Structure formats: structure tokens, C-alpha cells
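K.L.:
Have a look at this one.
All of the numbers you see were taken from the coordinates with simple rules; none came from a lab. As the structure is a prediction and not an experimental result, all values here were calculated from the model. Here the Cβ is made from the backbone with ideal geometry for all residues, glycine too, and neighbour counts use every protein chain on show.
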Amino acid sequence: MERLDKRLAATGQWSRKEAKELIRAGRVSVQDQVCRNPEEKVGEETPVAVDGHPIGADAPVYLMLHKPAGVVSATEDGRDRTVLDLLPAQYQGMGLFPVGRLDKDTEGLLLITNDGPLAHRLLSPRHHVDKVYYVEVDGVLDHEDVQAVSQGVLLRDGYQCLPGELELLPGNSAAYITIREGKYHQIKRMMAARGKPVTYLKRIRFGGLVLDEKLEKGGWRALTAQEIQGLFRQ
């Protein structure tokens, strides 16, 4: 048995605060009866619905994770900790997976879900979802780099990247870089092709989803209803 507000929050669609507000507003029913008590105890198999729509263990879950360095973007790994290992027990066995990958030494925003169709759409090359990173390099970035990124950097293996954006920051050894594809080690390869290897990389935005800077490295939270809606508008 668990609290009703915790049951709703476990879906990833609402925070505990939002779940309590839904319950107190009379929008949640337990066994077809409206329940206004967030502390009501419910079992795993107890039918629960929000606005008449049933929720359950197979309900979609949407989480934001602040990935730290040293953790791999995978569901399982024989050597290293995975991003799923950072989540509490209530999310284990729910079919969650990271949407896309961040390199082991890269930090920042990672979307975790069990919504396969949404993940497929967000990662589809046809949609060109913006991905924004904060990057530091060994060297000095200049306006030639800005132009090269805007035209599409030619990698050393001959691949021509899609046009992106590079916003130089004071000191010119750091920048915000926006790409619209997700090739293997892409930003590192782009900067290497410019002769300015990456020393630090952090993703701060994925489409309309922005990293919550209140999350410490390794921290996570459920997406708000507004953030979830934003993903479906990508």
C-alpha cells in the first residue's frame, strides 16, 4: 500500500505537490469514487484515475535527470553505473530508458521515459530537435568558428554536419553550441576539426526542455504537465 499522491507522482507526470493539488481539487478517483485525501492508501492493483483517465504501472513516465560525469547513458552496463541506477527503487522495472545519449564524461540534461513513440519522434533526424550545450575548449574560439558552425562543420572523416549555432562567451574559450542532429561524439568531433578539443561539455537544453539548475548532479525530478505538453509539441 502507498499514499495516493505518491502513486500519482510515480508516473512522472506530476510532482508530489501537483498530485496533491489534483486530489484536493476532486479530479482523482479511486475505484470510481472521488478521493480528496492525498494520504489515502492504495494498493498496486487499485484502480486510480485522473480526470477519468486510468493510470497504472504501464502509464507513461517522464523524468528529467541531471547526468553527472562517469555515468553511462544506458539501461544496463556490466562495468559502469547507468543513468537508471541513479533513480529510486520505485522506478525500477518500469521499462524506462534515456532518450538519446550523453557521453560518459558529458554532464547535463537527459530525458528518461518509457514512452517509445515520443522518444522515436524526438530522435528522428526528420524533426531536427535543437540540442544546446555549454562547451569549454582548449584554445580560443573566434568568429571563424562561429561561421564554420553556422555553415556546418566538415569533420575529419568527411561528414558534413548540419548547420548549427555557436555563441561565444567572455574569454572565448567557452560557448553555447546548438546542434540539430546527434551523431556519435558530434560536438567533440566538430571542435577537434577546428583544432580546439573539448575539455568540458554539458547539455542544458533538449528541444523546449531546459535543465533545471536546482537539480544537483545525479538529481532528478518528474516533468511538469507543461513540460510534458511541450515535448509533444516538438
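K.L.:
Take the Cα radius of gyration of region 131-206 and divide it by 2.2 N^0.38 Å, with N its residue count; two decimals is plenty.
P.N.:
Compared with the compact-globule rule of thumb, region 131-206 sits at 0.95.
K.L.:
Follow-up. Of the residues P54, P98, P197, which exhibits the maximal mean-square fluctuation in a Gaussian network model of the chain defined by a 10 Å Cα contact cut-off?
P.N.:
Taking springs between Cα atoms under 10 Å, the residue moving most is P54.
K.L.:
Just to be sure I follow the definition: excluding the sites themselves, where is the longest run in the chain that has none of the trypsin sites (Lys or Arg not before Pro) in a DSSP loop with at most 11 other Cβ atoms within 10 Å?
P.N.:
1-78
K.L.:
Separate question: Highest GNM mean-square fluctuation, the chain, Cα pairs closer than 10 Å: which of D212, D51, D142?
P.N.:
Of D212, D51, D142, the Gaussian network model singles out D51 as fluctuating most.
K.L.:
Right, here's the next one. Can you sort Y134, Y62 from fewest to most other Cβ atoms within 10 Å of each residue's own Cβ?
P.N.:
Y134, Y62
K.L.:
Please go through region 157-234 and write out the chymotrypsin sites (Phe, Trp or Tyr not before Pro) that DSSP classes as loop and that have at most 11 other C-beta atoms within 10 Å.
P.N.:
Y184
K.L.:
Work out, in µm²/s and without decimals, the Stokes-Einstein translational diffusion coefficient of the chain at 20 °C, 1.002 mPa s, Rh from Kirkwood over C-alpha pairs.
P.N.:
My calculation gives 111 µm²/s for D.
K.L.:
Which whole-number percent gives the relative contact order of region 131-206, counting Cα pairs below 8 Å spaced six or more residues apart?
P.N.:
46 percent
K.L.:
Select from T46, T178, T199 the residue whose mean-square fluctuation is largest in a Gaussian network model of the chain (Cα-Cα springs shorter than 10 Å).
P.N.:
Highest fluctuation of the listed residues: T46.
K.L.:
Shifting gears a bit: Filter K131/K196; K131/K217; K20/K67; K183/K214; K6/K183 down to the pairs with a C-alpha to C-alpha distance above 31 Å, please.
P.N.:
With Cα atoms farther than 31 Å apart: K6/K183.
K.L.:
Based on the alpha-carbon gyration tensor of region 2-55 and its eigenvalue square roots a ≥ b ≥ c, which shape applies: rounded if a/c is under 1.5, prolate if not and a/b is larger than b/c, or oblate?
P.N.:
Verdict is rounded for region 2-55.
K.L.:
Can you give the calculated 222 nm mean residue ellipticity of the chain, where each DSSP H run of n ≥ 4 adds -39,500 (n - 2.57) and the sum is split over every residue, rounded to the nearest 500 deg cm²/dmol?
P.N.:
Roughly -5500 deg cm²/dmol at 222 nm, from the helical runs in the chain.
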